[in-house]
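Inspection log for the structure reproduced underneath, given as structure tokens.
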Amino acid sequence: MIVKQTPLKDCFVIEPNVFKDERGSFFESFNHNAFKENTGLDIEFVQDNQSISKYGTIRGLHFQTGESAQAKLIRVAKGKVLDVVVDMRPDSETYLKQFGYVLTGENNHQLFVPRGFAHGFACLSEDVIFIYKCDNYYHKASESGILFNDETLNIDWQIPKDEQIISEKDQNLPTLKSYLNS
């Protein structure tokens, strides 16, 4: 496995060793010991989630607050997404900075997102199977988020506006400025 530090503190891109032959391919999607050795983080994942989306779908920017904050290990089993994270940790040297990375079912790369980050993704292929591990259980009362098209963040989701599919819930998330002033 190759682990690369992103421009955001504690956020990593992980490239697994993929073994290919005439039958197809194999890779280890998670190994606790290898993860700990390569990142220095001793994370215990307790929940796996999967979503299936179609082209144009934008999900996010989501996060959980307080004791229910979640670190995530994200990958795409099928398709292609633009995955975007924003460091929401006030004490971080990369506070309010963002990072985007393309994850595909072909490159098998993963993104480790630490607690305290907002997260979202845009589906850039016809169909997407999106899988992620969490180190804390979902807690509805702790969910929060930032508006996907916040003017301050100015994220290019790589999907034309007239083709974007966004849930009503995500369309009603606060702007970054509103969230920070609440």
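Each reported figure results from applying straightforward, stated rules to the coordinates on display, with no laboratory input. Just so we're clear, the structure is a prediction, and the values are computed from it rather than from any experiment. Every residue, glycine among them, receives a Cβ derived from its backbone with ideal geometry; neighbour counts consider all protein chains shown.
The listed residues are Leu103, Leu61, Leu8, Leu82, and the only one of them that is surrounded by 17 or more Cβ atoms within 10 Å (Cβ to Cβ), hydrophobic (A, V, I, L, M, F, W, C) and over 20 Å from Asp170 (Cβ atoms) turns out to be Leu8.
For Ala69, state whether it is touching a residue at least 24 places away in the same chain (Cβ under 8 Å) and within 28 Å of Asp162 (Cα to Cα). When the stated conditions are applied, Ala69 does not pass them. Restricting attention to the range 136-158, does a residue exist that is surrounded by 17 or more Cβ atoms within 10 Å (Cβ to Cβ), farther than 25 Å from His32 by Cβ and among the acidic types (Asp, Glu)? Yes.
Checking each residue in the range 137-160 for being within 22 Å of Lys72 (Cα to Cα), in contact (Cβ under 8 Å) with a residue 60 or more places away in the chain and of a type outside the set (A, V, I, L, M) picks out Tyr137, Tyr138, His139, Ser142, Glu143, Ser144, Gly145, Phe148, Trp157. In the range 100-119 there is at least one residue that is on the phi > 0 side of the Ramachandran plot and not acidic (Asp, Glu). When every residue of the range 35-47 is checked against the conditions, none turns out to be touching a strand residue (DSSP E or B) at 6+ places or on another chain (Cβ under 6 Å) and of a type in the set (A, V, I, L, M). Any residue that is touching a residue at least 24 places away in the same chain (Cβ under 8 Å), closer than 26 Å to Phe148 by Cβ and surrounded by fewer than 19 Cβ atoms within 10 Å (Cβ to Cβ) - is there at least one of those in the range 17-32? No - not one qualifying residue is present in the range 17-32.
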